[in-house]
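The structure under discussion appears below in the form of structure tokens.
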Amino acid sequence: MSETGIRPDVGTETGTETDGEVGGDREQFTGTDFERVEDHRILTGRAEYVHDITPENCRHMALLRSMHAHAEIESIDTSAADEHPDCDLVLTGEDVAEQYYPMPCGLAAFEEPPLAVEKVRYAGEPVALIVASDRYVAEDVLEGISVSYETLDAVTDPVAARENETLIHESVGTNVPDGERFDFGDVEDAFEDADHVVEGEYSWGRISGVPLETAGVVATYDPKRDAFDIDCNIQLHTLVDDTVYETLGYPPEKVSLNVPPDVGGSFGTKIAIHRYCCLAAMASQQLEGIPVKFVEDRLENLQGGDMHSTQREYRVRLAFDDDGSVHGLDTWFVDDFGAWPRYPVNQALKPLSVLTGAYDIEDVRYDYEIALTNKTSQTAYRGFGVPPHLYVLEMAMDKAARTLDMDPTEFRLLNMIGPEQMPYRLPSHNVYDSGDFPAALEYIRDHVEDEERAEGGLLDPAVVEEKREEGKYRGVSCTLHIEPGVSGSDWTDRQRSDRDALEAREREEVDELPEHLRGEISRDGTVRALLATDSSGQGHQTIVTQMLADELEVLPSEIEVEYLDSVAAPTEYGSAASRMAVMVSGAATGLGEQLRENCCELAAETWGVGRDAVTYREGGVERLDGGSGGDANSDDDDSGNGGGGDGDESDDRLSLADLADLDTAGGRAHERFTRASYDYEHPATALEEFDEALTGKFPVYPTAAFAANAPIIEVDAATGEVEILKFYSLRDCGTQLNPTIVEGQAHGGIAQGVGAALLEEFDYTDSGQPQAVTLFDYLLPSIDTVPEMDIHHSETPSPFTETGAKGTGEGGMIDAPASIASSLNAALAPLGVHVDRIPATANRLRNRIRDAEAENS
Amino acid sequence: MSTDATDPSTEQPTREISLTINGEDVVADVEPRLKLSDFLRDRRGLYGLRIGCEHGVCGACTVSMDDRIVKSCLVYAVQADRSDLVTVEGLADEGDLHPIQRAYHEDHALQCGFCTSGFVMATRELLAETPDPSDEAIEKGLADNICRCTGYQNIYKAVRRAADYTQARADEEGRMGERDQEDDA
Ligand code: FES
Ligand code: FES
């Protein structure tokens, strides 16, 4: 596993020192490989994940789930369960519907019951709940419930679902509740006038994030306050809390969602665990406040855990001329949302933010339909609908290059957006902020040529030839992809807005969510910061610690970062959509400034001097006029920061501890100086560049991180098995706040991309039975399937963000599937095989190769 | 609908087991169906082992049983009778990091951390058997553990670093041992 430390000078305006000691004698922490503050508690087994929380007298919930994909519920007999001596509570869908409300969905016409009523719409849908003394007993009691079903035809093919032969929701009257066609430019003309048009049909298999930790909830109803406290590992707890409080029928301040500092991964998926939060809360209320715990088991999670993600069927056309210039792109797809169109319906829209990828294409059609089927509902997954779009775009580019018999890299370079076009406005109105895409692609191509095409390299022509004689096909493709970062929030309800009315919308009506951060200086001189968003392994505590240490010129050990629950925090977007690097770093910078200013004001007031007579330095405030006695004590000790509040108050310097002491002493009437909060505005809100996108509710993603990839691949033609021999990648996410964390995000994202491209899929039988219900069926990449990665970095700061950072949480998963599929095309070019379906499992590839061989012979 | 908060009243058969957990002797009555993973977490408060699948694929529940790692979700507590168990909590003194844990920290080989105890336990066995493992040996030794966050790249690095730390410690102990012997002589 080599990791080159190369930081090539591609479009780089400023370099970053990685080992501290930048400027002056103060050590800087931001931009360094500062080690994570989260690790110690995790490594020693002291971290508390929600699965570890079990209050005294806690009871346990289990769910009865439908084994049918589509059926009427004729009757439910709970009498045996009711009579079971260890059963505390039984609830059916009707019981719940009597007292509570349906769960909000992503489209206005839908209201989803937390437990099925009248009908089940997918195998695994919860039908009844049991509470008992422990989970083993609760599952025993479940056997005392019998449900009689009248089965219905199952709908599993999203394309056929559009015929509406069998309806998933009769009251809605269609299986296609949403769709929209966008024409940017003159698409018809572009296709008519072009020398060539290629067409293709492509599939993207149903995949998801599958974090190692499943959903978990401990809900406690407090009868005295008539309020709920819910510990859970939901993602975006301040944004999606409406899915819980509305269902319970309470105002937001009565339902506190509290996410522990440690969550065992989410990748978007846990945004959708509200059903469990609601049911456990209802059960606790029914039991008059006894805490109720639910931990989803892995089979439930895979079968019916509301956590599958994107599954798409595409038709794509590309129009281009003999000289290789591409003029038109036309994509149409059906997105299989399963039984309920939940929150992430806008996954179907996000690709508009990277509509033409890294290419300059003027005339584009984007047309989608959301189809409902008898499958578990979709949730978000890293990339939020973008990875399939980039995959089909690159497949079309490969096909076009092949048609012209042009080198695919040259073909790509010919059509690539140049650095002189930055900031670049896409036909779909989003704007790429910065980057030299062609230079990045050339860099990775040249690097791979030098390293691997040479003698003894993986692509040494002699070796490639030798391997081919053994039936092994090697190849590489160099592709460059954009990771749209820092989603705006205002556009995300486009599908619930009157779309015709959007034309007339004014800029003032745009309502974005800022990032909120609080800080407080304690009397011992330490600083406590409070995040309004949740984390699931990304290291947000570390980033805030580094940044505040620099802002306040104190040691990182003086800083403690904690989290606010959904009641204490304002409504926020949260950790999603590659937002946090930009948003939380912007907020930390602002909070630091605010606190420094407050400290100066307090010190000036204390000394009775003007604001200009003091300055902030090294974790304290100093007097510029040298201190002229007054009532402060007269000996001239130069106390540093920290230490207790007493005794180290000198004439000309007040430490953070002194200031906190002064601020809290004597019941001062004013607002506290040593307590502050800061809201970092979304970067697009102040930029004219985004006016059209914002007012029209087109996806707004103001940072364009990018990656030039070159996975070297070998396919065994006899078995269809794929080995990625090495994964080269040059990555640029603007200013890196912590290069180690950035690199970790890249590694993890690429590994998930490998899974998506080659292994993972939630398949269904025609009768709607899920085929991947264990981790033996849903294949997560393991240490022996993830390739060696050789990651290079460049830094092109974002001109749009406070710190120059760009979002980088989703990159690898966004770009690896497309680049792996393109390398497969390169490797299999001699056989004429073109990838049209991922995951490209061994079986599928073997079939394609066999068909191609039959055709060629 | 019915509500009726009860204590468990159905008599479940139990069996007594006695075993050593992180050096401490433990005697407990357990139901034969109780998984070792649930016993250690819920009855002994050893939350360092995590439950990711309960069917033997993910390795988050890995513990050492009589010096061999096992997936504790595939073992019943009664099967651990008379055994010697070590969990991640038993590796270092309260608050300290074991050299393997230190290496995982220094090489950023954990993100969400849910898999980490399992990896640390598997690494411990790997290094006990292969003090200086090749990449192939690391791959083989850790192939039964899944990490969804790190892409494994930094896990290779951490294992190599842990091997160095362990080697350095062995050398140190070796030298001290020699010195002791010289002193004795
Ligand atoms: S929980 Fe035991 S192997 Fe996954
Ligand atoms: S660090 Fe999250 S699963 Fe390994």
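For this structure, a couple of remarks:
- Nonlocal amide H pairs with A:Ala47, under 5 Å, H built at 1.01 Å: A:Ile42
- The protection proxy used here, the mean number of other Cβ atoms lying within 10 Å of each residue, ranks peptides A:348-360, A:522-534 as follows, highest first: A:348-360, A:522-534.
- Sulfur and carbon atoms: percent of accessible area, chain A [1.4 Å]: 43 percent
- Minimum 50 Å² accessible area buried by the other protein chains, segment A:47-95 residues, probe 1.4 Å, relative to alone: A:Tyr49, A:Asp52, A:Pro85, A:Asp86, A:Asp88
- For chain A, the residue among A:Val147, A:Ser66, A:Tyr366 whose Cα projects farthest onto the positive side of the dipole built from Cβ charges is A:Val147.
- Simple Cβ-charge dipole of segment A:703-857, Lys/Arg +1 and Asp/Glu -1, about Cα centre, in debye nearest 20: 200 debye
- Every pair of different Cα atoms in segment B:13-90 enters the Kirkwood calculation, which places the hydrodynamic radius at 12.1 Å.
- Ellipticity estimate at 222 nm from DSSP helix runs (n ≥ 4, -39,500 (n - 2.57)) divided over chain A, nearest 500: -7500 deg cm²/dmol
- Partners for B:Lys71 among lysines (Cα-Cα distance below 28 Å; same-chain residues under 8 apart left out): A:Lys270, A:Lys293, B:Lys35, B:Lys140, B:Lys157
- Counting, for every residue in A:531-544, the Cβ atoms of other protein chains within 10 Å of its Cβ and taking the mean gives 1.
- Per residue, the solvent-accessible area of chain A (1.4 Å probe, heavy atoms of protein chains only, all protein chains present) comes to 33 Å².
- Segment A:838-852 versus segment B:62-135: alpha-carbon centroid distance in Å: 39 Å
- Protein accessible area in segment B:13-90, 1.4 Å probe - carbon and sulfur %: 43 percent
- Rounded to 10°, Cα long-axis angle of helix B:116-129 versus longest principal axis of chain B: 50 degrees
- 4 °C / 1.567 mPa s Stokes-Einstein diffusion coefficient of segment B:92-175, Kirkwood radius on C-alpha pairs, µm²/s: 101 µm²/s
- Per residue, the average separation of C-alpha pairs within less than 8 Å and at least 6 apart gives segment B:13-90 a relative contact order of 40 percent.
- Dipole magnitude of chain A about its Cα centre (Cβ charges: Lys, Arg +1; Asp, Glu -1), debye to nearest 20: 1700 debye
- Restricted to Cα atoms, the protein assembly as shown shows a radius of gyration and a Dmax of 29.6, 99 angstrom.
- The residues of segment B:152-170 occluded by other protein chains by 40 Å² or more of accessible area, set against the chain on its own, are B:Tyr152, B:Gln153, B:Tyr156; surface from heavy atoms, 1.4 Å probe.
- Using alpha-carbon coordinates, inclination of helix B:153-184 to the longest axis of chain B, degrees: 70 degrees
- Accessible-area loss of 20 Å² or more (1.4 Å probe, protein heavy atoms, chain alone versus all protein chains) is found in segment A:200-226 for A:Leu212.
- Chains B and A together bury roughly 5600 Å² of accessible surface, counting both sides and using a 1.4 Å probe on protein heavy atoms.
- Dipole magnitude of segment B:13-90 about its Cα centre (Cβ charges: Lys, Arg +1; Asp, Glu -1), debye to nearest 20: 300 debye
- Residues whose amide H falls under 5 Å from that of A:Gly328, counting only those 5 or more places apart or on a different chain, are A:Ala319, with hydrogens built in the peptide plane.
- Electrostatic bookkeeping for A:Pro408 treats Lys and Arg as +1 and Asp and Glu as -1; over the other residues with beta carbon under 15 Å from its beta carbon, the sum is -3.
- Area of A:Ser857 that stays accessible when all protein chains are in place (1.4 Å probe, Å², to 10): 120 Å²
- Karplus-derived HN-Hα couplings along segment A:178-183 (A = 6.51, B = -1.76, C = 1.60, θ = phi - 60°), whole Hz, x at Gly and Pro: 7, x, 7, 10, 10, 10
- Separation of segment A:742-818 from segment A:470-502 is 14 Å, based on Cα centroids.
- Euclidean distance between Cα centres, segment A:265-333 to segment A:700-722, Å: 23 Å
- The residues of segment B:13-90 expose, per residue, 42 Å² of accessible area to a 1.4 Å probe.
The values are calculated or read from the model by the stated rules, or taken from the named source; none is laboratory data. Note that the structure is predicted; figures quoted are calculated from it, not measured. Please note: Cβ atoms are built from the backbone with ideal geometry, for glycine as well, and neighbour counts cover all protein chains shown. For the accessible areas, the whole protein counts, side chains as well, though only heavy atoms, and no ligand, DNA or RNA atoms are used. Shrake-Rupley method; radii C 1.70, N 1.55, O 1.52, S 1.80 Å.
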